[in-house]
Every structure is written in structure tokens, then in C-alpha cells.
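All remarks here apply to the structure that follows.
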Amino acid sequence: MCVWPVRLPKRGLPLADRIICYGDVIDDIVVMPHEPIRLDTDTPSMIRARPGGSAANTAAWLGVINADVDFIGVVGAGDAPRHVAALPGVYARLREHPELQTGRIVVVVQDERRDMLTDRGANVDLDPNDVPDAFLQRASILHFTGHILLNHAGIAGVRTLIERCWAAGVLVSVSPGSAGFLADTGIERARAAFAGADLIFTGYEDGALLSGSTEAEDVARILSGSFGVAVVTQGKDAISVGERGNVRSFVVEPRPVVDPTGAGDAFCAGFLSSWLSGRDICRAVDVGAGLAAAAVEVIGGRPPRTRLPAAKRFSREAGAP
């Protein structure tokens, strides 16, 4: 049996089953050079415009698997209809900023490496007051990304949001962001901001910074002492999950990678949707890995317009046949 006991019976009640995604929405410009970049001259490349933003990407993947999901974000003037249309299956509440443009990122993809040049634009004006009480009353969990620490509302805004979730009986999930972003923010400040979240999703590098450990299973174990569930992805190969000090590791089926952008966002969507329905960690990892497998096969961070992966196993617990 892979079902772990429910440790949070007073929050995330089954009568409220919607997921709120709160955070960045971005216009991505994805650049895939056909050869190594040549300095101070032209490099032939494939360039595509894609909707993005970590929180919006997670909402999009939740929408494509028919989860009940709300997305809350801020875009530039006149851009709300375009970004709502790019989130099929999602109830998107987008506020338009009268002066700031929609956030933009240039993503340079070279094999499995991504370099990102970021202008957060209107995202910096996102505020906890953008989350209506009515949304919290119908939600089971609110998922946000660490980039909101850079908003005008700052750490105080993150704390306000988490406290509002506590008061409403809503679980909180956080994906902290890249190691570079956390280092710039300050590790202690980030820990203080995220304190009280029920789930945390990290990559190996950001998890190592937050935990102070360099071993993936130790990262999951340490973080699970502060958060209800800690999920640590190790690139495309493995995942460790901690729950109150208990750790399980999973091996992920290798997949060809076209563009790694959004794979972590897709994993969060699959894991959250599955975990909320039964608290089955093994199943949640597998569903998350399946969506991540679909994400790396397309350009950009949103779901493909064709089929999603067929129902099959994309992961197995380490040591299992």
C-alpha cells in the first residue's frame, strides 16, 4: 500500500475541492539556437512566442486534466482576454495594470539547459487582496510560486496570504523557484515567508539551499519537518518525497527532451490533483511524472495541443521491480 495517513484532517476538507493557482503569468519568447551562440553576430535559431509563467503554467496543466482550478494574476492593459483564452479549462481572474506591460521572459534553450532573461512586468503588482474570500471558501488548496516574494507586497504579502488560507481552512502549497532567485532573496527570508505551507515542491538545487543538505533524500526529510509534504525532484531522473520525516524515492522513466521549460509546473499540477483526491503519494508522483513527460516534449511551458500521455506508469518506487 502506498497510501500515507492523512495528517491534516482540519484543513483541505473534501467539500471544497477547487485548486487556486496564484502567481506569475508571462509572455515567453523561447529561443532554440541551431548551433552554439556566436558572440556579437547572428546565430540561426528557432524562436517561438508562448504563454508562460510558473503559476499560470500549473493552472493550465490542471485545466487540461479537468481539475477544478482558479488562476489569479496580473497582466498589462488589454492583455486579459488573450491570456484567459490561453488557459482553457481554467477560471482565470486577471487584473489589468494600466501602466505596466505583461511580464516577459526570453528563454534560451540549449539541450536540457535553460537561460532566462526576465522582466516581471505587471506581475509585481499582484497582491493577496486579489484573492477573493469567495475563492478561498470553495478551495481545497492554494498553490503559489516563490517569485511572488519579488512583488510590491513582499514577504508581508506572502504571510498575509498564508494566514488567510489558514483562517479559511485551505491548504497551502509552494514551489519556491530557482536556486539563483532564492539566493538573491535570502534563504532565511524565504524560509520565514514560506513557513506554515503544507506542501513544498523543490528542485535539487533550491531544496539544498533551503534545507542545508546536499543529499536529495535528506533534503526531503529535513524539509518535511517544516512542511507537511516535501517533494524534491532531481532533474528528469528521480524524485524523493518526505512526509513528517518519512522519505520515499522514485525512479522516473527517461523521456526525450525538446524543451524542459514548465516540466516542474506540470509535475506540480499532476501531483496536487492526484494527492488531493486520496493522499496517495505513489499515485501522485506517477501522475505528476506523466504530465512532466508531456511537458518536455513540447516547446514552452503549457500543455500540448495534441494528446497527453496515455495512462501508464511513468515512475516506480526505488527498489521496486
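Only the coordinates and a few stated rules stand behind these numbers; no lab work does. The shown structure was predicted, so the numbers you read here are calculated from the model rather than taken from an experiment. Here the Cβ is made from the backbone with ideal geometry for all residues, glycine too, and neighbour counts use every protein chain on show.
Given the criteria hydroxyl-bearing (Ser, Thr, Tyr) and crowded, with 18+ Cβ neighbours inside 10 Å, does THR160 qualify? Judged against the criteria, THR160 is not a match. Inside segment 246-272, residues that are polar (S, T, N, Q) and either crowded, with 22+ Cβ neighbours inside 10 Å or farther than 17 Å from ALA230 by Cα (or both) make up a count of 1.
When you scan segment 219-254, how many residues do you find that are touching a strand residue (DSSP E or B) at 6+ places or on another chain (Cβ under 9 Å) and either assigned to a strand (DSSP E or B) or of a type in the set (A, V, I, L, M, F, W, C) (or both)? Qualifying residue count for the region: 23. Scanning segment 47-106 for residues that are among the charged types (D, E, K, R) and in a helix (DSSP H, G or I) turns up just one, ARG82.
Here VAL219 clears all of (1) surrounded by 24 or more Cβ atoms within 10 Å (Cβ to Cβ); (2) touching a residue at least 24 places away in the same chain (Cβ under 8 Å); (3) of a type outside the set (Ser, Thr, Tyr) except the condition numbered (2).
Quick check: is even one residue across segment 263-275 within 29 Å of MET32 (Cβ to Cβ), touching a residue at least 24 places away in the same chain (Cβ under 8 Å) and either in contact with a His (Cβ under 8 Å, 6 or more places away or on another chain) or assigned to a loop (DSSP other than H, G, I, E, B) (or both)?
So far as segment 263-275 goes, yes, one or more of its residues are within 29 Å of MET32 (Cβ to Cβ), touching a residue at least 24 places away in the same chain (Cβ under 8 Å) and either in contact with a His (Cβ under 8 Å, 6 or more places away or on another chain) or assigned to a loop (DSSP other than H, G, I, E, B) (or both).
What number of residues within segment 20-46 are among the aliphatic types (A, V, I, L, M), over 17 Å from ILE105 (Cα atoms) and either part of a strand (DSSP E or B) or touching an Asp or Glu at 6+ places or on another chain (Cβ under 7 Å) (or both)? Of the residues in segment 20-46, 1 are among the aliphatic types (A, V, I, L, M), over 17 Å from ILE105 (Cα atoms) and either part of a strand (DSSP E or B) or touching an Asp or Glu at 6+ places or on another chain (Cβ under 7 Å) (or both). If only residues of segment 91-115 that are without any contact (Cβ under 8 Å) to a residue 60 or more places away in the chain and surrounded by 14 or more Cβ atoms within 10 Å (Cβ to Cβ) are counted, the one that is nearest to PRO33 (Cα to Cα) is GLN101.
Screening GLU188 against (1) charged (D, E, K, R); (2) surrounded by fewer than 18 Cβ atoms within 10 Å (Cβ to Cβ); (3) outside any helix (DSSP H, G or I) leaves a single unmet condition, (3). Scanning segment 110-154 for residues that are assigned to a helix (DSSP H, G or I) and within 17 Å of the chain's Cα centre (by Cα) gives ASN123, GLY146, HIS147, ILE148, LEU149, LEU150.
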